[in-house]
Amino acid sequence: MVPRFAGVPTFMRLPQATSPEGYDVVFTGIPYDGGTTNRSGARHGPRELRNASSLMRQVNANGIAPYEVLKVADIGDCPVNPFDVMDSLDLITRHFARIAAAKAIPVAAGGDHLVSLPILRGLAAERPVGLIHFDAHTDTADSYFGKNRYTHGTPFRRAVEEGLIDCERTLQIGLRGSLYTPRDYDYARNAGFRLILMDEATELGPDGIVQAIRARVGDGPVYISFDVDCLDPAVAPGTGTPEAGGFLTREAQRMIRGLNGLDIVGADVVEVSPPFDVGGVTSLAGATIMFELLCAIAAGRGA
């Protein structure tokens, strides 16, 4: 009854809530880009993702109607400290630990990719989880500029060190672009990750990638992290570290839909940087993936 361009913007035009208590799934924003090493602006991602998400309706193209089986709300943005990386990591960890304690599943909007580390700290404190990571980059560097160990290029190395992810149930999909050294993929491979570089991804196609994912992660708990730079910059220019030669949005949709019914404990869409966007197309892509993630969760509840 209210036009989609009107009213207070929330994720998917959902009710606003102040607590995750009583909800099956909660959307939340993390307006933080203090881990960015080059083009900033992802702190503005949650606001524009909310705006773009007003275009999402109630049923996806596969007929999944998430709101018929899930109670869902937008619980607002996670508190952050734009002047202090370590304080922000602690604030984000506590926010997601609260969501986990409420037995809700978070679908988060970043923010740069560093935010995945404190999300995992909040969700995987009791046991490591599998990781399905769509990205042009492994984000497993050790440090930047000599000593900075907490950047958007290091979260999954820290997650391995902290025992938050099950390396034998982890895949990184869509890797491509120029490297600093020939050894840039070594850490991820040696840790036991399954790497699907873009050339292999092209050969496998979305359905082959889905088969590889499902064979790898099995029935155990899994976290999904979707860096929007896994998409080609022709369809998603608004991101901090664009890499030519990525996925099309329709391919990403097909892959996320292939994850229906997995034991998804949380998910994020990160690195949407509205200052570099064109016509809101990156925000639209990010919001679309967030809706598909919700549908994948709902598929595990009988939708």
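Tell me the net charge near T170. Cut-off is 10 Å between Cβ atoms, T170 excluded, with +1 for each Lys or Arg and -1 for each Asp or Glu. With Lys, Arg at +1 and Asp, Glu at -1, the net is +1.
Cβ-Cβ distance of N51 and L195, R₀ of 45 Å, FRET efficiency by 1/(1 + (r/R0)^6): the value works out to about 0.85. In the context of the full set of protein chains, the chain has a per residue accessible area of 41 Å² (1.4 Å probe).
Each Cα pair under 8 Å and six or more residues apart adds its sequence gap; the mean of these over the residue count of the chain is a relative contact order of 23 percent. Model label points for N81 and R183, set 7 angstrom from Cα along the Cα-to-Cβ axis, are 3.5 nm apart. Extending 7 Å from Cα along the Cβ direction at V69 and again at A125 yields two label points whose distance is 3.0 nm. Per-residue surface analysis assigns M255 an accessible area of about 0 Å², computed on protein heavy atoms at 1.4 Å probe radius. Net charge in the neighbourhood of M56 (other residues with Cβ under 13 Å of its Cβ; Lys, Arg +1, Asp, Glu -1) is +2. When the solvent-accessible area of the chain is split by element, carbon and sulfur atoms take up 50 percent of it, the probe being 1.4 Å.
Between F5 and F145, full extension at 0.36 nm per residue minus the direct alpha carbon distance yields a gain of 46.0 nm. For region 192-303, the Cβ-based charge dipole about the Cα centre amounts to some 440 debye (Lys, Arg positive; Asp, Glu negative; other atoms uncharged). Dipole of the chain computed with +1 at Lys/Arg Cβ and -1 at Asp/Glu Cβ about the Cα centre; of A252, I105, V129, farthest Cα towards the positive end is I105.
Heavy-atom accessible surface of Y187, to the nearest 10 Å², is about 60 Å², with a 1.4 Å probe and all protein chains retained. A simple charge model with +1 on the Cβ of Lys and Arg, -1 on the Cβ of Asp and Glu and nothing else charged puts the dipole of region 128-171 at about 180 debye relative to its Cα centre. Rounded to the nearest 20 debye, the dipole magnitude of the chain is 560 debye, with +1 charges on Lys and Arg beta carbons, -1 on Asp and Glu beta carbons, and the Cα centre as origin. Phi angles of region 287-293 translate, via the Karplus equation with coefficients 6.51, -1.76, 1.60 and θ = phi - 60°, into HN-Hα couplings of 5, 4, 5, 4, 5, 5, 5 Hz per residue; Gly and Pro are given as x.
The values are calculated or read from the model by the stated rules, or taken from the named source; none is laboratory data. Every value quoted in this text rests on a predicted model; they were computed, and no experiment measured them. All Cβ positions, glycine included, derive from the backbone under ideal geometry; neighbour counts span all protein chains shown. Calculation scope for accessible area: heavy atoms of the full protein, side chains included, ligands and nucleic acids excluded. Shrake-Rupley method; radii C 1.70, N 1.55, O 1.52, S 1.80 Å.
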